[in-house]
Amino acid sequence: MPPAIVVDRVSQLFPGANGAPDARALDEVSLEIKRGEFVCLLGPSGCGKSTLLNIIGGLLAPSSGSVKIGETVVRGPLPSDVAFVFQESTLLPWYTVLENFRVSLEFQGRTDGWREHSMAALTEVGMQGFAGYYPSQLSIGMKQRINMARGIALDTAILLMDEPFAALDEQTRLVLGEDLSVLLARTGKTIVFVTHSLSEAVLLADRIVVMTARPGKIKSIIAVGEPHPRSPDFMLQPHFSEIRNQCYELLRDEIRSTVDAMREARDAHTG
Ligand SMILES: Nc1ncnc2c1ncn2[C@@H]1O[C@H](COP(=O)(O)OP(=O)(O)OP(=O)(O)O)[C@@H](O)[C@H]1O
Ligand SMILES: [Mg+2]
């Protein structure tokens, strides 16, 4: 069995605005992700986590290097076995929840049984009673729960999630995190999950990929070694705190250098 995802020496340069030099967002990132694995990308703001996720999902072509999903090189948006869940709820306000699901499933060519798939996914996150609601009738937590269900309804082997719980309060984050862990244990999906939160990474990940400040490189990969499904009670165990502390130590210098770079840029600007 080939790995689910292979990232091979991926670098990303973005052209500088107004004659500024090009900005290197990612520098020779290589990573193999196994089938059924839950991998968290953790790193300071601006280190290239979203860029890497977008390259894996084909939304962005890398400046150099390549990504394979299974044995196929990614050459365009959303390879057939991949679904995205973003930080912001991307539900269209003029459609009901169920109609939103129909649009997304149609877009990915999954028209057969779309209604059953959608209702099953809504049931999975306990939101089956809200299929006929409009997004404006739902709380932020409910919308994000439904956003996650839509990713599940696409029924892909791989879910790419970019800070899906960032806008939620701590308790809702924990509950959704637990749901996701249960989903992983039940379906064997491969999940790549971007987060800023140390605790969220340790609670959810099989492996945590700690990235350096820009340009993003892999600083270290930490295995968590705790079976799914996990509950938030895992956070009470010494093993959890040990790994969290280890992540913090790795991140500390990177966060500092990100803040220093921001201050330098501010001072240069203000003269
Ligand atoms: N389309 C783009 N054009 C130019 N620069 C970009 C573009 N997208 C990202 N960048 C730059 O690349 C770097 C990495 O951005 P990215 O959004 O991947 O970081 P991130 O780790 O996801 O940050 P955050 O945690 O704040 O979401 C940043 O410096 C950003 O300004
Ligand atoms: Mg980001």
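General remarks:
- With respect to the stated conditions, residue 83 is open to solvent by less than 40 Å² (accessible area, probe 1.4 Å), touching a helix residue (DSSP H, G or I) at 6+ places or on another chain (Cβ under 8 Å), outside any loop (DSSP other than H, G, I, E, B) and more than 16 Å from ligand 2 (Cβ to nearest atom).
- Taking every residue in the stretch 56-69 that is without any contact (Cβ under 8 Å) to a residue 24 or more places away in the chain and within 18 Å of residue 15 (Cα to Cα) and pairing it with any residue that is charged (D, E, K, R) and surrounded by fewer than 17 Cβ atoms within 10 Å (Cβ to Cβ), at least 6 positions away or on another chain, the pairs with Cβ-Cβ distances below 9 Å are 61/75.
- Among the residues of this structure, residue 58 does not count as one that is open to solvent by 30 Å² or more (accessible area, probe 1.4 Å), touching a Lys or Arg at 6+ places or on another chain (Cβ under 8 Å) and part of a loop (DSSP other than H, G, I, E, B).
- Scope the stretch 32-55; condition in a strand (DSSP E or B) and more than 12 Å from ligand 1 (Cβ to nearest atom); matching residues: 32, 33, 38, 39, 40
- Top-ranked residue in the stretch 151-168 [being in a loop (DSSP other than H, G, I, E, B) and closer than 13 Å to residue 184 by Cα; ranked as farthest from ligand 1 (Cβ to nearest atom)]: 155
- Within the stretch 12-31, the set of residues being more than 10 Å from ligand 1 (Cβ to nearest atom) and crowded, with 23+ Cβ neighbours inside 10 Å comprises just one member, 29.
- Among residues of the stretch 219-234 that are farther than 16 Å from residue 181 by Cα, those with a beta-carbon under 8 Å from a residue that is of a type in the set (D, E, K, R) and open to solvent by less than 30 Å² (accessible area, probe 1.4 Å) at least six positions away or on a different chain give the pairs 219/254.
- Among the conditions (1) among the aliphatic types (A, V, I, L, M); (2) modelled with pLDDT under 90; (3) more than 22 Å from residue 119 (Cβ to Cβ); (4) surrounded by 22 or more Cβ atoms within 10 Å (Cβ to Cβ), the only one that residue 152 does not satisfy is (3).
- Filter result for residue 181 (more than 17 Å from the chain's Cα centre (by Cα), away from ligand 2 (no atom under 16 Å from the Cβ) and of a type in the set (Gly, Ala, Ser)): no
- Qualifying residue in the stretch 188-211 (condition: assigned to a helix (DSSP H, G or I) and among the basic types (Lys, Arg)): no
- Residue list for the stretch 219-271, filter: more than 21 Å from residue 173 (Cα to Cα), open to solvent by less than 50 Å² (accessible area, probe 1.4 Å) and outside any helix (DSSP H, G or I): 220, 222
The values are calculated or read from the model by the stated rules, or taken from the named source; none is laboratory data. Given the structure is predicted, the values throughout are model-derived calculations rather than measurements. With ideal geometry, Cβ positions are generated from the backbone for all residues, glycine too; neighbour counts draw on all protein chains shown. Quick note on the areas: whole protein, heavy atoms, side chains included, nothing else; ligands and nucleic acids left out. Shrake-Rupley method; radii C 1.70, N 1.55, O 1.52, S 1.80 Å.
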